[in-house]
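First comes the structure, then the notes that go with it.
Throughout, read-outs are computed from the coordinates displayed, never taken from laboratory work. Since the model is a prediction, treat every value here as computed from it, not as a measurement. Cβ coordinates were reconstructed from backbone atoms using ideal geometry, including for glycine residues, and neighbour counts include every protein chain displayed.
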Amino acid sequence: MATTPNLLERAFELARSGGCTNIDDVVRKLKSENYDQVDAHMAGSQIRRQLRQEFQDARRK
């Protein structure tokens, strides 16, 4: 039985995949996947900083 990743886990999966290239892309994708309270979770400066680092790392690969 597969488990659905929580919102933050999924955000990092999307950032690492290269399919999303910025935070707005991640937010749109999470909302389209019916995650709740996306804006509230993604508002923090620390999470945004970490995701930007993941985007940069994904581009280098």
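Structure above, values below:
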| item | result |
| --- | --- |
| Extension gain, Asn34 back to Asn22 (0.36 nm per residue minus Cα-Cα distance, nm) | 2.4 nm |
| Förster radius 22 Å - calculated FRET efficiency between Thr4 and Ala58 (Cβ-Cβ, nearest 0.05) | 0.50 |
| Under the Karplus curve 6.51 cos²θ - 1.76 cosθ + 1.60, θ = phi - 60°, whole-Hz ³J(HN,Hα) for the range 28-34, x wherever Gly or Pro sits | 4, 5, 4, 5, 5, 8, 6 |
| Order by protection proxy (mean Cβ within 10 Å, highest first), peptides 34-44, 9-19 | 9-19, 34-44 |
